[in-house]
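A.B. asks: One structure follows; several queries about it will come next.
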Amino acid sequence: MGLLYDYFRAPDEEAVGKLMAATDGGPVVREGDSPVADAVDGKGIDPPVVLGKVVSFALDVPWAADLIGERFIWPSGAGEDPEYEGPWVVVLSERARDALAEISDDRLPGLADRWSHIEELSHYSDTQPEVMLSRLREFAGLARRARTSGESIYCWICL
């Protein structure tokens, strides 16, 4: 099946812990239910590579594995356990949040088109430029709301 990714905003790690407790460890995006957080269903968009590629395009820098700067935050101690299989939550760096938030509306189509052609998305059937434009708008919107509120972007990940 693969990994699942839900991106959401929250004020701090304590709020993330409460959200994880309230959702029995996730997911954050729940079809048909009332939203539990301002979130984006990331589908197959992992933080370091697929999201990292569009952030590198936005910043006009080469992609690097540490560009997103994600850091494990939940559950406590599981990051050091090599046997732990999830779910878990990482926080994205302010640089990544701000890069997404600062993408101007006129740049979105070009970045989405470029993003739709990355190798990591080549095996998906729903990555046409117009689909990725919609996805990029979701991510940019989430990042803008997070920055405006002084919040971080988190990613819930599950096998």
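A.B. asks: Looking at segment 15-40, which of its residues are touching a residue at least 24 places away in the same chain (Cβ under 8 Å) and in contact with a Phe, Trp or Tyr (Cβ under 8 Å, 6 or more places away or on another chain)?
C.D. replies: Val16, Gly17, Met20, Gly26, Pro27, Val28, Ala37, Asp38, Ala39, Val40
A.B. asks: Can you say whether Phe8 is closer than 19 Å to Arg137 by Cα and not in a loop (DSSP other than H, G, I, E, B), as far as the supplied structure shows?
C.D. replies: yes
A.B. asks: Anything in segment 134-147 that is in contact (Cβ under 8 Å) with a residue 24 or more places away in the chain and either buried (at least 18 other Cβ atoms within 10 Å of the Cβ) or hydroxyl-bearing (Ser, Thr, Tyr) (or both)? List them, or say none.
C.D. replies: Passing the criteria: Arg135, Leu136, Phe139, Ala140, Leu142, Ala143, Ala146, Arg147.
Here is a yes/no grid of residues against (1) of a type in the set (Ser, Thr, Tyr); (2) within 30 Å of Lys18 (Cα to Cα); (3) under 13 Å from the mean Cα position of the chain (by Cα):
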residue	(1), (2), (3)
Pro75	no, yes, no
Ala78	no, yes, no
Glu94	no, yes, yes
Ile103	no, no, no
Arg135	no, yes, yes
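A.B. asks: Also: Please go through segment 17-29 and pick out each residue that is within 16 Å of the chain's Cα centre (by Cα) and either open to solvent by 90 Å² or more (accessible area, probe 1.4 Å) or under 16 Å from Gly86 (Cα atoms) (or both).
C.D. replies: Gly26, Pro27, Val28
A.B. asks: Let me ask something else. Can you name the residue in segment 103-125 that is of a type in the set (D, E, K, R) and free of Cβ contacts under 8 Å to residues at least 40 places away in the same chain and, of all such residues, is farthest from Asp60 (Cα to Cα)?
C.D. replies: Of everything passing the filter in segment 103-125, Glu119 is farthest from Asp60 (Cα to Cα).
A.B. asks: Sticking with this structure for a sec: Mind checking which residues of segment 35-47 are open to solvent by less than 80 Å² (accessible area, probe 1.4 Å) and in a loop (DSSP other than H, G, I, E, B)?
C.D. replies: Val36, Ala37, Asp38, Gly44, Ile45, Asp46
A.B. asks: Sort through Val55, Val90, Val50 and tell me the only one that's in contact with a Cys (Cβ under 7 Å, 6 or more places away or on another chain) and either assigned to a loop (DSSP other than H, G, I, E, B) or open to solvent by less than 20 Å² (accessible area, probe 1.4 Å) (or both).
C.D. replies: Sole residue among the options that is in contact with a Cys (Cβ under 7 Å, 6 or more places away or on another chain) and either assigned to a loop (DSSP other than H, G, I, E, B) or open to solvent by less than 20 Å² (accessible area, probe 1.4 Å) (or both): Val90.
A.B. asks: Related question: Specify which of the listed residues (Gly32, Gly2) is open to solvent by 50 Å² or more (accessible area, probe 1.4 Å) and assigned to a loop (DSSP other than H, G, I, E, B).
C.D. replies: Among Gly32, Gly2, only Gly32 is open to solvent by 50 Å² or more (accessible area, probe 1.4 Å) and assigned to a loop (DSSP other than H, G, I, E, B).
The values are calculated or read from the model by the stated rules, or taken from the named source; none is laboratory data. As the structure is a computational prediction, the values presented were derived from the model and not from experiment. With ideal geometry, Cβ positions are generated from the backbone for all residues, glycine too; neighbour counts draw on all protein chains shown. Areas reflect the complete protein model, heavy atoms only, side chains present, ligands, DNA and RNA absent. Shrake-Rupley method; radii C 1.70, N 1.55, O 1.52, S 1.80 Å.
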